[in-house]
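Structure, as C-alpha cells:
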Amino acid sequence: MGRFFHWFSCRAFPIMFVFTTVTTGELMNKIAALVSIALFAWGGAAHAEAPARTKVVESIEINAAPDAVWNLIKDFGDAKWIPAVEGATVNNVGDKLVRVLTLKKGGEIKEELKEADAATKTLKYRSHDDPDCKVFPTKSYSAAISVTPVGASSKVEWMSAAYPCFINHNPPPGQDMPAAIEAMTTLSKDALANLKVLAEKP
C-alpha cells in the first residue's frame, strides 16, 4: 500500500491536493499514466517549435572559363547581373562592407560581405538588416556563390539559407517557410540564368 496525491488547479480555485490510499500496483499504473502524459506534452511542444533554417541550392553550367565568370560576380558592389536588382550602393559600416540593393519591384535589401575569395572564386555574404517581409520574406539570410571548373567550362552554385520572415506560429500569408523558399529560389535561379547569358555572349 502507498499514499499517492493528485493536484489540480483552475482559474476559479487555488491548487488543491487530494490524498488517496492505493496499492503498489495502482501506484505504478498512476505513475506510468503521468509519464505518458508528460511525454505527450513534451512531444507536442517539440512539434510546435519555430521552423528551422532552410537551405536552397541552385546551380548552372556555363560555357565560359571560370575566370571570365568570376569577373562578372566578384565585385560585391556591382549586382547588375542579378535581374531583380535595379541598382546598388556600397558603404563601409564599421569594419563591414555593406551594399544596399534597390529592387526593380520596389524596396531595398541590405547585405554585408563576409568573404570574396579570388583563389576559390567564392563570394559569401549575409543580410545586414532583415528586409521588409513584403520585399524579401526572410530573416537571417545568407548566401555563398562559387565558381568551379568543369573541363573548359564552369559550374556556378548559389547556396542560400534563411528563416522565414515570420518565425512564430500561424504566420500571415506570404511570410511562412514556403514563401521564403520561393523567394530564395526565384532570386538565385533567375540570377544564374542571366549570368549564363552574360558569360556566354560572343
Interchain or long-range residues, amide H under 5 Å from LEU97's placed H: LEU113
Paired Rg and Dmax values of the range 99-202, which use every Cα atom, in angstrom: 15.2, 51
Within straight-line cross-link reach of LYS121, lysines at Cα separation under 21 Å, skipping those fewer than 8 residues along the same chain: LYS55, LYS74, LYS80, LYS96, LYS155, LYS189, LYS196, LYS201
Loop-located trypsin sites (Lys or Arg not before Pro) in the range 126-167 whose Cβ has at most 15 other Cβ within 10 Å (DSSP): LYS134
Interchain or long-range residues, amide H under 5 Å from GLY107's placed H: none
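Read-outs throughout are calculated quantities, based only on the coordinates presented, and are distinct from any laboratory measurement. In this text, all values refer to a predicted model and were calculated from it rather than measured experimentally. Don't worry about glycine lacking a Cβ; one is built from the backbone with ideal geometry, like all the others, and counts go over all protein chains shown.
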